[in-house]
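Student: Following this message is one structure expressed as structure tokens.
The values are calculated or read from the model by the stated rules, or taken from the named source; none is laboratory data. Computed from a predicted model, the values in this text were never measured in an experiment. Positions of Cβ are backbone-derived with ideal geometry, glycine not excepted, and every protein chain shown enters the neighbour counts. Note: areas computed on protein heavy atoms with side chains; ligands, DNA, RNA excluded. Shrake-Rupley method; radii C 1.70, N 1.55, O 1.52, S 1.80 Å.
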Amino acid sequence: MELHESAEDYLETILVLYERNGQVRSIDIVNEMNFSKPSISIAMKKLRENGFIRMDLNGLITLTPKGREIAERIYSRHKLLTKVLMAIGVDEKKAASEACKIEHDIDDDTYEKIGKFYQTWCGREEAT
């Protein structure tokens, strides 16, 4: 199943918020992404119906294994691409913003080659 960029962004945001706070509620996503409550509610419903997240009776959101796999893949791409852009002189804030755009569209093979290049060029181990 191919996900839209927005769905990948939601899953990535849930992962980041969980790592930062230990729990995630819809309002946390609203605040993080600066979207309206109704927009987040609709998105969470779709993610839940498609088996990417679970929401308990207290409103806590967790990623399913399927959702976590996608979130970790996108977040890994985001981190590496941000580092690569910073390594070539792009400001950190702009690098993170640009990485967010690239992370969804880049081919797996190209991403792996960027990771290998970064590892060789910068002498750093990175998950690819």
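Student: Can you find, among L57, L80, N34, the residue farthest towards the positive end of the dipole of the chain? Put +1 on the C-beta of Lys and Arg, -1 on that of Asp and Glu.
Tutor: L57
Student: Taking all protein chains as present, what is the carbon and sulfur share of the accessible area of the chain, in % to the nearest whole number, probe 1.4 Å? Each step should come with its number before you reach the end.
Tutor: Values: 3980 of 8030 Å².
Summing carbon and sulfur atoms, their accessible area is 50 percent of the total for the chain.
Student: Across the range 63-80, in residue order, what do the Karplus-derived ³J(HN,Hα) couplings come to in whole Hz, using 6.51 cos²θ - 1.76 cosθ + 1.60 with θ = phi - 60° and x for Gly and Pro?
Tutor: Karplus-based 3J(HN,Hα) across the range 63-80 equals 7, 6, x, 5, x, 5, 4, 5, 4, 5, 5, 5, 5, 4, 4, 4, 5, 5 Hz.
Student: With each pseudo-label sitting 7 Å past Cα toward Cβ, what's the M55-K93 distance in nm, one decimal?
Tutor: Between M55 and K93, the simple spin-label model gives 3.2 nm.
Student: Per residue, how large is the accessible surface of the chain? Use a 1.4 angstrom probe and give square angstrom.
Tutor: Averaged over the residues of the chain, the accessible area is 63 Å².
Student: To test your reading of the geometry: what angle, between 0 and 90 degrees and rounded to tens, separates the Cα axis of helix 108-122 from the longest principal axis of the chain?
Tutor: Helix 108-122 sits roughly 50 degrees off the main axis of the chain.
Student: Which percent of Cα pairs goes in each bin when the distances of the range 64-128 are cut into 10 angstrom slices starting at zero?
Tutor: Final binned percentages: 22, 53, 22, 3.
Student: Follow-up question, since we're still on this one. Can you tell me what percent of all Cα-Cα pairs in the chain are more than 25 Å apart?
Tutor: 29 percent
Student: Among the listed pairs K93/K116; K46/K79; K37/K113; K45/K113; K46/K113, which are separated by more than 31 Å between their Cα atoms?
Tutor: Flagged as over cut-off: K37/K113; K45/K113; K46/K113.
Student: So, counting K/R as plus one and D/E as minus one, what does the shell of residues with Cβ under 11 Å around P65 add up to? Spell out each step's value before the answer.
Tutor: On the way: positive: R54, K66, R68; negative: E69, E72.
After counting each charged neighbour, the total is +1.
Student: Can you give me the long-range amide H partners of I53? Hydrogens built in the peptide plane at 1.01 Å from N, cutoff under 5 Å, separation of 5 or more residues or another chain.
Tutor: Correct list: R48, T64.
Student: If you average the sequence gap of Cα pairs under 8 Å that are 6 or more apart and divide by the length of the chain, what percent do you get for the contact order?
Tutor: Once normalised by length, the contact order is 21 percent.
Student: So what's the range 1-51 giving for Rg/Rh, alpha carbon basis, Kirkwood Rh from the mean inverse pair distance?
Tutor: 0.94
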